[in-house]
Amino acid sequence: MKAFKGKVALVSGGSRGIGRAICLMLANEGADVAFSYLTNKEKADELVRQIEQKGVRCLASKVDVRDFEAVKSWVSGVREKFGGLDFLVNNAGIVRDKPLMMMLEEDWHDIIGTNLDGMFNVVRASIVTFLKQRRGNIVNISSVSGLIGLSGQTNYSAAKGGMNSFTKALAKETAAYGIRVNAVAPGFIETDMLSSMDAQQQEKIKTMIPFARFGSADEVAAVVRFLLSEESSYIIGQVIQMDGGLAIR
Ligand code: NDP
């Protein structure tokens, strides 16, 4: 029995990495999947083909999560095409790591705009549907950087820390409507984002991780699966840390 048969899921930034693994997990569990991407049409189209082969519907849309109006029409288009909305996964995110003294104004605004404003835009466009149907499940992909703060990531730590607080506040605000809101805070996960670091930096980081390895996108998708499923029906407002022990507090 597939856990999410008949459900409709919206995922921001599905074309690559963690978002892609989440889309595949949702499709494997029987959900129809609508995902956004920014530039990578080829990868998005390839994923649509892969997902449709699983016998579910899939829609890829080029939508910049920073654009409030574009996000609004994306969400309403998906709702119309798929006839509803059950799950929202806010995954689209970028990094622009630099020491603060070298950080440009655009490095700050790009990160806040994509990671934090982007999440607000997608949630704001979806929340009325969830409130009206008195049902909905939101998972935000945060980072340990937002829990402990990482050097060179003041912009990213601020954005992800903001996501964590947003998650808790919205969970309290919408619990009475049967909506659950949680976040996942991964440590270092093997995706294109991580490969922007050179090999030496990567080896240094591994020595700081008790498991001595990076996580996989599928491991993140498994936590998202749990949070979207009925197995976590009494969990709201939590930021689930999954980092191989990097930031045990
Ligand atoms: P990737 O760089 O591999 O993929 C990022 C995805 O987001 C792509 O699908 C990209 O689309 C999309 N995207 C980027 N900017 C926008 C935008 N403005 N509008 C719409 N979509 C956009 O990243 P990861 O898979 O590694 O990261 C996914 C999430 O997980 C992020 O929120 C990240 O902060 C978080 N995370 C990642 C960790 C890691 O170590 N990898 C650790 C902790 C958290 P396109 O393909 O078109 O460029």
Could you check how many residues of the range 200-218 are surrounded by 17 or more Cβ atoms within 10 Å (Cβ to Cβ) and over 19 Å from Ala9 (Cα atoms)? 3
Report, by residue number, each residue of the range 45-72 that is under 26 Å from Lys5 (Cβ atoms), within 13 Å of the ligand (Cβ to nearest atom) and surrounded by fewer than 16 Cβ atoms within 10 Å (Cβ to Cβ). Asp45, Glu46
Qualifying residue in the range 145-164 (condition: more than 14 Å from the ligand (Cβ to nearest atom) and in a helix (DSSP H, G or I)): yes
Residue list for the range 85-107, filter: in a helix (DSSP H, G or I) and over 21 Å from Thr39 (Cα atoms): Leu100, Met101, Met102, Glu105
How about the range 205-247: which of its residues are among the acidic types (Asp, Glu) and away from the ligand (no atom under 15 Å from the Cβ)? Glu230, Glu231
Considering residues that are within 10 Å of the ligand (Cβ to nearest atom), in contact (Cβ under 8 Å) with a residue 24 or more places away in the chain and in a helix (DSSP H, G or I), the number found within the range 173-204 is 2
When only residues in the range 79-133 that are under 20 Å from the mean Cα position of the chain (by Cα) and among the acidic types (Asp, Glu) count, which is farthest from Val220 (Cα to Cα)? Asp110
When residues of the range 1-24 are limited to those that are surrounded by fewer than 24 Cβ atoms within 10 Å (Cβ to Cβ) and among the aliphatic types (A, V, I, L, M), the one nearest to Ser143 (Cα to Cα): Ala21
Note on Arg66: of the conditions (1) of a type in the set (D, E, K, R); (2) part of a helix (DSSP H, G or I); (3) within 16 Å of the chain's Cα centre (by Cα), unmet is (2)
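No lab work stands behind these numbers, since they all come straight from the coordinates. For clarity, every value in this text was computed on a predicted model and none was experimentally measured. Methodologically, a virtual Cβ is constructed for each residue, glycine included, from the backbone with ideal geometry; neighbour enumeration extends over all protein chains shown.
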